[in-house]
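S.K.: Okay, here's the structure, questions in a sec.
The values are calculated or read from the model by the stated rules, or taken from the named source; none is laboratory data. What you see is a predicted model; the values in this text were computed from it and never measured. Cβ coordinates were reconstructed from backbone atoms using ideal geometry, including for glycine residues, and neighbour counts include every protein chain displayed. Ligands, DNA and RNA are stripped out before the accessible areas are found, and what is left, the full protein with its side chains, is counted by its heavy atoms. Shrake-Rupley method; radii C 1.70, N 1.55, O 1.52, S 1.80 Å.
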Amino acid sequence: MEKKKKKVGIVGAGISGLVGCKHLAEMGFNPIVFEASTQIGGVWSKTINSTKLQTPKEFYQFSDFPWPSSVKETFPPHYQVMDYLHAYAQHFDLLRRISFNSKVITIEYVFQSGHVEDDLQTWNLWGGNGEAFSSIGKWKLTIQDTAHQSKPVHHEVYELDFVILCVGKYNDLPNIPEFPPNQGPQVFDGKVLHSMDYAALGNDGALQLVKEKRLTVVGFQKSAVDIAVEIANRNGPRHPCTLLFRAAHWMAPDHDIGRSFKFLNRFTELIVHKPSDGFFLSFLAVLFWPLLQIFSTSMELYLKWRFPLNKYQLVPAHSFLQQMYSCMLFAMPYEFYERVKEGSIILKKTPSFRFCKNGLIVDGSASSPWLTDVVIFATGYKGDEKLKNIFASNYFQRCIFESELPLYRDSIHPRIPQLAILGFADSPAVLHTTEMRSKWVAHFLVGKFKLPNIKEMDIEVKKWEKCTKAYSVDFYRRSCVSPLLQIFRNDQLLKDMGCNPRRKKWFLSDLFSPYLPSDYGLLSSTSTDNV
């Protein structure tokens, strides 16, 4: 295969786009990256001022490009993360491959003569041959120049042999609750925005928005808590920020979360059941299962002892383990309970609310509305819908939206040919998770392995779905690569790639030491590190 003749496009220049571009270029391809904005970094380029890593930096780094020695903090702030991403892009000469201000409006699979869309449903092998490239069709990308939006809309069209979507799941399409008629934001005299809009204001804009105003933040995930603390630090108890939420979630100080990473090793993974386990490994998982329960209960007791969870009705209804397994555990800002105690943050738990002219009606109490000037929805994003909308074909849209995104190896949809998706595999160390899958995709494109048939991929995805639901229960998220199985999932990728999954020199260190991104730094197309 003449790699330079194969046209490969990457949509998005966030972390997933950068690692995808780097590893494809390393394999001899000449990828082009389409980025709608003027800079790299994805969500890191448009976040609130107080954002920092929730993962120790030694676990959140590129496998072959460590953090500079000048970064001393275990959990660096967002601007140092951006500096790190820029240094990576410059070191591997990625910027020249990125077309900035190039927004992908739609992608369409164009069949070659003699083939139609109905053929897709009859295929036994992915793309008709189980390989990355196929003679059956090509992808047509329609690109809009976002640098000159005041001029007539100009679209450019590219035809590509393979596309990697790195559009991210935490930006662009906010998830805002729907309200009955005359109960939503339209009846409110104040300002309503999403956390995405708040982050886009920048430090000065956010300061101007919140100054001497009554604000309500809706939600209780990481962005909601961070924004509430940031507002409280600016306004103080004179103009308190209300944190309005339906259900509480476990959150822990970053150093406690950091310590837990030290225990994520192969021995710990023996405790967790996996779809491929035989009798012996299944027996070990059952035998050691109480250890996970003890860990979960111990963490819950510790957090309830250390922080006033009962006092403020912040004890979650679910277990610590469920939240951890679902990739929903997040670091608590240091000042959170201090701001609550002094009255700068007011916690209000409610199953529902609606808008009125001068605020919110909480718990149906229309006679005494909750007065507020600004409401910020920190209620997440519609990642799957955003991904669906980029496809021109209704068939591919249904593949994405109706099936809850069942990706083989968290990267390949069994029924969408010549296309991979990076950045939708969530984990506490998402940079490492994404980089490993970008290496796998690059090895696939260079022909190091073929995919199983479509039926086998479907079965594999369903097995993992069943296994994951058993641990996460109501918090099941298909896109989560649990921190409790990070090494095992990497082993699967490495075996596909023809590389040795055992990255440590000694048996005991391989069993009991945590695996770091640097342990995977020597994988390449010319590697002699074969199984």
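S.K.: Any chance you could look up the accessible area of HIS115 with a 1.4 Å probe, heavy atoms only, rounded to 10 Å²?
M.R.: The value for HIS115 is about 70 Å².
S.K.: In region 372-423, which GluC sites (Glu not before Pro) are in a loop and have at most 11 other Cβ atoms within 10 Å, using DSSP for the loop call?
M.R.: Values: sites: GLU385, GLU402, GLU404; in loops: GLU402, GLU404.
Qualifying residues, ordered by number: GLU402.
S.K.: Can you list the residues of region 315-342 with backbone N under 18 Å from a point 7 Å past the Cα of ARG306, pointing along Cα to Cβ?
M.R.: Correct set: 315-316, 319-325, 328-341.
S.K.: Next up: Could you tell me which trypsin sites (Lys or Arg not before Pro) in region 326-384 are loop residues by DSSP with no more than 11 other beta carbons within 10 angstrom of their beta carbon?
M.R.: On the way: sites: ARG339, LYS341, LYS348, LYS349, ARG354, LYS357, LYS382; in loops: LYS357, LYS382.
Listed in order of number, the matching sites are LYS357.
S.K.: Let me ask something else. Roughly how many nanometres apart are two label points built 7 Å out from the Cα toward the Cβ at ALA87 and ASP204?
M.R.: So the label points at ALA87 and ASP204 sit 2.9 nm apart.
S.K.: Here's a follow-up. Put a dot 7 Å past each Cα toward the Cβ at GLU338 and LYS463; how far apart are the dots in nm?
M.R.: Between LYS463 and GLU338, the label points sit 5.1 nm apart.
S.K.: Given TRP289, GLN61, ILE390, which one lies farthest toward the positive end of the charge dipole of the chain, if we put +1 on the Cβ of every Lys and Arg and -1 on the Cβ of every Asp and Glu?
M.R.: Going by the Cα projections, it comes out as TRP289.
S.K.: Rank THR372, PRO237, VAL71 by how far each Cα sits towards the positive end of the charge dipole of the chain (+1 on Lys, Arg Cβ; -1 on Asp, Glu Cβ) and give me just the farthest.
M.R.: PRO237
S.K.: Right, another one. Accessible area, 1.4 Å probe, largest first: how do LEU303, LEU511 sort?
M.R.: Values: LEU303 0, LEU511 35 Å².
Output order, biggest surface exposure first: LEU511, LEU303.
S.K.: 5 Å is the cut-off here: which amide hydrogens, built 1.01 Å from N in the peptide plane, fall below it relative to THR146, excluding neighbours closer than 5 in sequence?
M.R.: It is SER102, LYS103, by chain and number.
S.K.: Can you give the accessible area of THR468 in Å² (nearest 10), computed on protein heavy atoms with a 1.4 Å probe?
M.R.: 20 Å²
S.K.: Which residue, ALA36, GLY130, TYR88, has the largest displacement toward the positive end of the dipole of region 1-134 when charges sit on each Cβ (Lys, Arg +1; Asp, Glu -1)?
M.R.: Most positive-ward Cα: TYR88.
S.K.: Which GluC sites (Glu not before Pro) in region 1-72 sit in a loop by DSSP (not H, G, I, E or B) and have at most 15 other Cβ atoms within 10 Å of their own Cβ? Mind dumping the intermediate values first?
M.R.: Numbers: sites: GLU2, GLU26, GLU35, GLU58; in loops: GLU2, GLU35, GLU58.
Of the GluC sites (Glu not before Pro), the ones in loops of region 1-72 whose Cβ has at most 15 other Cβ atoms within 10 Å are GLU2.
S.K.: Using alpha-carbon positions, what is the distance between the centroids of region 16-45 and region 262-301, in Å?
M.R.: Their Cα centres are 37 Å away from one another.
S.K.: So with the 1.4 Å probe, I'd like the accessible area per residue for region 111-153, rounded to whole Å².
M.R.: Details: 2490 Å² over 43 residues.
Each residue of region 111-153 exposes 58 Å² on average to a 1.4 Å probe.
S.K.: May I ask you to compute the full-extension gain from HIS255 to ASN49, defined as 0.36 nm times their residue separation minus their alpha-carbon distance, rounded to one decimal in nm?
M.R.: 72.1 nm
S.K.: If I require 30 Å or longer along the helix axis, counting alpha carbons, and a Kyte-Doolittle average no lower than -0.5, what helices from the chain are left? Use full DSSP H segments.
M.R.: On the way: long enough: 279-306 (41 Å, 1.06).
Flagged H segments are 279-306.
S.K.: Per the 1.4 Å probe, what fraction of the accessible area of region 213-299, in percent, lies on carbon and sulfur atoms? Before the final figure, lay out each step's value.
M.R.: Details: 2590 of 3710 Å².
Roughly 70 percent, rounded to a whole number.
S.K.: Taking the Cα centroid of region 352-426 and of region 454-475, what is the distance between the two, rounded to the nearest whole Å?
M.R.: The distance from the Cα centre of region 352-426 to that of region 454-475 comes to 21 Å.
S.K.: While we're looking at this one, here's another question. At 1.4 Å probe size, with every protein chain present, just tell me what the per residue accessible area of region 340-419 comes to in Å². Walk me through the numbers before you get to the answer.
M.R.: On the way: 3260 Å² over 80 residues.
With all protein chains present, region 340-419 gives 41 Å² per residue.
S.K.: Something else now. Please state the charge dipole magnitude for the chain, taken about the Cα centre, from unit charges on C-beta atoms (+1 on K and R, -1 on D and E), reported in debye and rounded to the nearest 20. Provide the component values of the computation, followed by the final result.
M.R.: Numbers: 61 positive and 52 negative charges, 114 e Å.
That gives a dipole near 540 debye.
S.K.: Give the ranking of TYR520, TYR471 by solvent-accessible surface, highest area first, calculated with a 1.4 Å probe.
M.R.: Working: TYR520 0, TYR471 30 Å².
Highest to lowest solvent-accessible surface, that is TYR471, TYR520.
S.K.: Order the following by accessible area, largest value first: ASP172, ASP510. Probe radius 1.4 Å; ligands, DNA and RNA are ignored.
M.R.: Numbers: ASP172 90, ASP510 10 Å².
Listed by decreasing accessible area, they come as ASP172, ASP510.
S.K.: Probe of 1.4 angstrom, ligands and nucleic acids ignored: what's the accessible area per residue over region 173-284, in square angstrom? Intermediate results must be reported in sequence, preceding the final value.
M.R.: Numbers: 5180 Å² over 112 residues.
It amounts to 46 Å² per residue over region 173-284.
S.K.: About its Cα centre, how strong a charge dipole does region 1-68 have in debye, to the nearest 20, once Lys and Arg get +1 and Asp and Glu get -1 at the Cβ? Working shown, then result.
M.R.: On the way: 9 positive and 5 negative charges, 46 e Å.
Computed about the Cα centre, the dipole is about 220 debye.
S.K.: Taking θ = phi - 60°, what integer Hz values does the Karplus form 6.51 cos²θ - 1.76 cosθ + 1.60 yield along region 411-426, in sequence order, with x for Gly and Pro?
M.R.: Listing the rounded values in order: 9, 10, 7, x, 10, 10, x, 6, 8, 10, 10, 10, x, 9, 8, 7 Hz.
S.K.: For region 97-119, list residues with backbone N below 14 Å from a point placed 7 Å from the Cα of THR146 toward its Cβ?
M.R.: Flagged as within label range: 99-106.
S.K.: Check which residues have an amide H placed less than 5 Å from GLN61's amide H, if you skip close sequence neighbours.
M.R.: HIS432
S.K.: Follow-up. Can you pull the percent of region 341-447's accessible area that's carbon plus sulfur, 1.4 Å probe, other chains left in place?
M.R.: On the way: 1690 of 3540 Å².
Summing carbon and sulfur atoms, their accessible area is 48 percent of the total for region 341-447.
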